[in-house]
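Each remark here refers to the structure printed beneath this line.
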Amino acid sequence: MIGSEALDAQPLLNYFQPISQWLQEQNQRNNEVLGWPEYQWQPPLPNNYPEAIVLVTDEVTASNFLEEYDEKTRVVWNEYAEANWDYNTNISTENSRILLQKNAQMANHTLAFGTRARRFDVTYFQNTTMKRMIHKIQDLERAALPEKELEEYNQILLDMETTYSVASVCHANGTCLHLEPDITTLMATNRKYEDLLWAWKSWRDKVGRSILPSFPKYVELSNKAARLNGYVDTGDSWRSMYETPTLEQDLEQLFQELQPLYLNLHAYVRRALHRHYGPQHIHLEGPIPAHLLGNMWAQSWVNIYDLVVPFPSAPKIDATEAMIKQGWTPRRMFEEANNFFTSLGLLSVPPEFWNKSMLEKPTDGREVVCHASAWDFYNGKDFRIKQCTTVNMEDLVVAHHEMGHIQYFMQYKDLPVTFQEGANPGFHEAIGDVLALSVSTPKHLHTINLLSSDGGSYEQDINFLMKIALDKIAFIPFSYLVDQWRWRVFDGSITKENYNQEWWSLRLKYQGLCPPVARSQGDFDPGAKFHISSNVPYIRYFVGFIIQFQFHEALCQAAGHKGPLHQCDIYQSKEAGKRLADAMKLGYSEPWPEAMRLITGQPNMSAAAMMNYFKPLLDWLLTENGRHGEMLGWPQYNWTPDSGTTPPPPLPPAGPQSSLRPGPAPAQAGPSLASELG
């Protein structure tokens, strides 16, 4: 037909020659690139587009993506950390502007890589580590918000934290006090009822009321971001970090196991306060006014140890006096903490730590965020602590806590940046605290020349355990209820109209505390706590306080300790240090039960070690409370310290209160700590 047996494209080219000539001219005019050198580019997916149509299943492509993510993320996170540090150590308009700029840059980075990560289908990946990393990067966090809402959200968070950090309260004579160290010292050392009431109320008037107008919008935007990431709400997002479907039930069970300790401690402390302040201010069957416990939030009661010490004539176990007499400085306190870690065969902080950390409150007039925190700058060598340290035993413990975070940072610094965090948030809180359990012992304080005696008598043991309990046991219900409140705010069961009422209902229910003056819905007492105003999840501290005793028990066994758990000091035990290092090196690369197994030999959280640690004290409290016929709990839950005070709304009874008095328990019960969550 055509006179040739060969295939020939020339007729096709001839046919399209006019359009071909036109296309060449157009492309030359527009400097078009022929071909597709950016062959990895993919168009963004429109809303509601079925993503599965274009998902990538190639592991080599995923590996290249993760290498690129790790390299670029370290740079972006480092720049953000530097800007955040500058703002926290010098609160100024300019540093605020730069921080918001870096926040936006980080959000753009998260959005870009998170969107790309969502194009991978990792269902059949053989490399489980790669699968875990991509799953984590797929969560866009706040970057999921539309640009304008993201800007608004970041501004709200910055404003709330700034309000908290720069706040001061002033006397009528014009003398003004900041939280650190002024108000904190007043709450810890002053024993005058009205002085404490002034500080407690003034702080909440200044901070809580100022934050309240911003909080509902923060909740709205936070929830929107969570839902855009596939969560029900922000509480659901926060709980997902634990990778435990039964988390809420597990935590409730742990709380119930520790109730006997808290109820007996509460009853004992209430009687001691009754002795000091009298029946006008303390009811022996009612809740305790929240301003009398030595701490602005009544989360730790250790500062009223002098009012409740079981055996006043026994040798003192507080090292503060010796620290001051020997001329200890904040730096010396952190050097001592670093020395404890290195004695276990763990890492020493690098020189940059000492050069760049802020270990004392500046005296040059700068406003700073005093709340203690540890910082990772994601370059493998720059780790810092920011703390307005006071030379006392309490801050020595805090120094070990913060150095625990630094040790964790250093141990996992060689992992991909995606895995550079704790096995779960509670692990990060527990590492430093577990060392502090050893540091606090009379034996160790004697070793470092801060106590003249290494303890050993029964009276000293009970005094020591009482002091630790005022910190650890008193904290348990507070650390549990903060996020019970916040989760319910996020899920909508607590609305802005009853923020404060529900806050005090939970504090009554779990802590047995009441406000010392009438509160209204114009007050916002939750906002007077740093972690609420700064968007920091809190259940990590509840988890951390429990698992630190599991760690302590296991490490003491590794160190070959014989005797009561509360007398153990793991100082210089290389075997204990190895267990800690092995777990910390995992970072977030494995689910947390594996890290738990490396330290304790089993994968579960348990309150048994904590109960074991405090058993001698519980036995003593049972005897002492029985001797006085104490009522455990607070059946007179409507009582308030002043007759003019409006009581909180009554809660329905959930069961009889325990009574150590002879005869039957009272017919009318107060709130039960065994109530269901909700």
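We did not get these values from a lab; they are worked out from the coordinates using the rules stated. Bear in mind the structure is a predicted one, so any value in this text is a computation, not a measurement. Backbone-built Cβ (ideal geometry, glycine too); neighbour counts: all protein chains shown.
What whole-number volume per residue, in cubic angstrom, does the convex hull of the C-alpha atoms of the stretch 99-245 give? Can you show the working numbers first?
Working: hull volume 25.6 nm³, N = 147.
Measuring per residue, one finds 174 Å³ for the Cα hull of the stretch 99-245.
Compute the distance in nm between two label points, each set 7 Å from the Cα along the Cα-to-Cβ direction, one at residue 608 and one at residue 459.
That separation, rounded to one decimal, is 3.6 nm.
Under unit Cβ charges (Lys, Arg +1; Asp, Glu -1), what dipole magnitude, rounded to 20 debye, does the stretch 184-311 have relative to its Cα centre?
In total the dipole reaches around 620 debye.
For the stretch 295-451, just list the percent of Cα-Cα distances falling in each 10 Å bin from zero outward, please.
10, 36, 35, 16, 3, 0
Want the number for residue 343 to residue 22: 0.36 nm per residue separation, take away the alpha-carbon distance, what's left?
Values: separation 321, 0.36 × 321 = 115.56 nm, distance 7.86 nm.
Result for the pair: 107.7 nm of gain on full extension.
Which value, in Å³ per residue, describes the convex hull spanned by the Cα atoms of the stretch 248-349?
Output value, Cα hull per residue: 207 Å³.
Return the sequence-ordered ³J(HN,Hα) values of the stretch 279-284 in whole Hz as given by the Karplus equation 6.51 cos²θ - 1.76 cosθ + 1.60 applied to θ = phi - 60°, using x for Gly and Pro.
Coupling constants for the stretch 279-284: x, 5, 10, 9, 9, 6 Hz.
Could you work out the helix-only [θ] at 222 nm for the chain, with each DSSP H run of four or more residues adding -39,500 (n - 2.57) and the total divided by the number of residues, to the nearest 500 deg cm²/dmol?
So the calculated ellipticity at 222 nm is -16500 deg cm²/dmol.
What base-10 log of the normalised intensity I(q)/I(0) is obtained for the stretch 490-649 from the Debye formula, alpha carbons as equal point scatterers, at q = 0.10, 0.14, 0.15 Å⁻¹?
Log10 of I(q)/I(0), two decimals: -0.63, -0.96, -1.01.
Which three semi-axes in whole Å describe the equivalent ellipsoid of the stretch 162-216, each the square root of 5 times a Cα gyration tensor eigenvalue, listed largest first?
21, 12, 11
With viscosity set to 0.890 mPa s and temperature to 25 °C, compute the Stokes-Einstein D of the stretch 47-169, Rh being the Kirkwood radius across alpha carbon pairs; µm²/s, no decimals. Numbers along the way, then the final one.
Numbers: Rh = 16.4 Å.
Translational diffusion coefficient: 150 µm²/s.
Taking 2.2 N^0.38 Å as the expected size of a compact globular protein, what ratio does the Cα radius of gyration of the stretch 359-443 give against it, to two decimals?
Normalised Cα radius of gyration, the stretch 359-443: 1.20.
Can you figure out the FRET efficiency of residue 118 with residue 313, using R₀ = 51 Å and their beta-carbon distance, to the nearest 0.05?
That gives a FRET efficiency of 0.15.
From the backbone phi of the stretch 483-499, what are the Karplus-calculated ³J(HN,Hα) couplings (6.51 cos²θ - 1.76 cosθ + 1.60, θ = phi - 60°) in whole Hz, Gly and Pro given as x?
Result, ordered by residue: 7, 4, 5, 5, 4, 6, 5, 5, 8, x, 6, 10, 9, 4, 5, 10, 3 Hz.
Averaging sequence separations of C-alpha pairs under 8 Å and six or more residues apart, then dividing by the length of the stretch 177-310, give the relative contact order as a whole percent.
27 percent
Can you list the cysteines of the chain that have no other Cys Cβ under 4.7 Å away?
Unpaired cysteines in the chain: 514.
Just to be sure I understand the curve: with the Debye formula and one point per C-alpha of the stretch 194-322, what is log10 I(q)/I(0) at q = 0.15, 0.16, 0.20 Å⁻¹?
Rounded to two decimals, the profile gives -1.01, -1.05, -1.14.
If you take the Cα atoms of the stretch 463-518, find Rg, then find the Kirkwood Rh from the mean of 1/r over all pairs, what is Rg/Rh?
1.10
Could you tell me how many cubic angstrom of Cα convex hull volume the stretch 130-190 has per residue?
128 Å³
HN-Hα J couplings of the stretch 159-166 from phi, Karplus 6.51/-1.76/1.60, θ = phi - 60°, integer Hz, Gly and Pro as x?
Here the 3J(HN,Hα) series is 5, 5, 5, 5, 3, 5, 6, 9 Hz.
Report the relative contact order of the chain, percent, no decimals, based on alpha-carbon pairs under 8 angstrom and at least 6 residues apart.
In percent, rounded to a whole number, it is 17.
Give the dimensionless ratio obtained when the Cα radius of gyration of the chain is divided by 2.2 N^0.38 Å.
That works out to 1.11 for the chain.
Averaging over every viewing direction, what projected area does the convex hull of the Cα atoms of the stretch 176-267 cover, in nm²?
Mean orientational projected area (the stretch 176-267, Cα hull): 9.6 nm².
Using a ≥ b ≥ c from the Cα gyration tensor of the stretch 215-263 (square roots of the eigenvalues), is it rounded, prolate or oblate, where a/c under 1.5 gives rounded and otherwise the larger of a/b and b/c decides, a/b for prolate?
oblate
With +1 on the Cβ of every Lys and Arg and -1 on the Cβ of every Asp and Glu, and nothing else charged, how large is the dipole of the chain about its Cα centre, in debye rounded to the nearest 20? The partial results should precede the final answer.
Numbers: 57 positive and 78 negative charges, 360 e Å.
The dipole of the chain has a size of about 1720 debye.
Can you pull the percent of Cα pairs in the stretch 445-561 with separation above 19 Å?
In whole percent, the long-distance tail amounts to 62.
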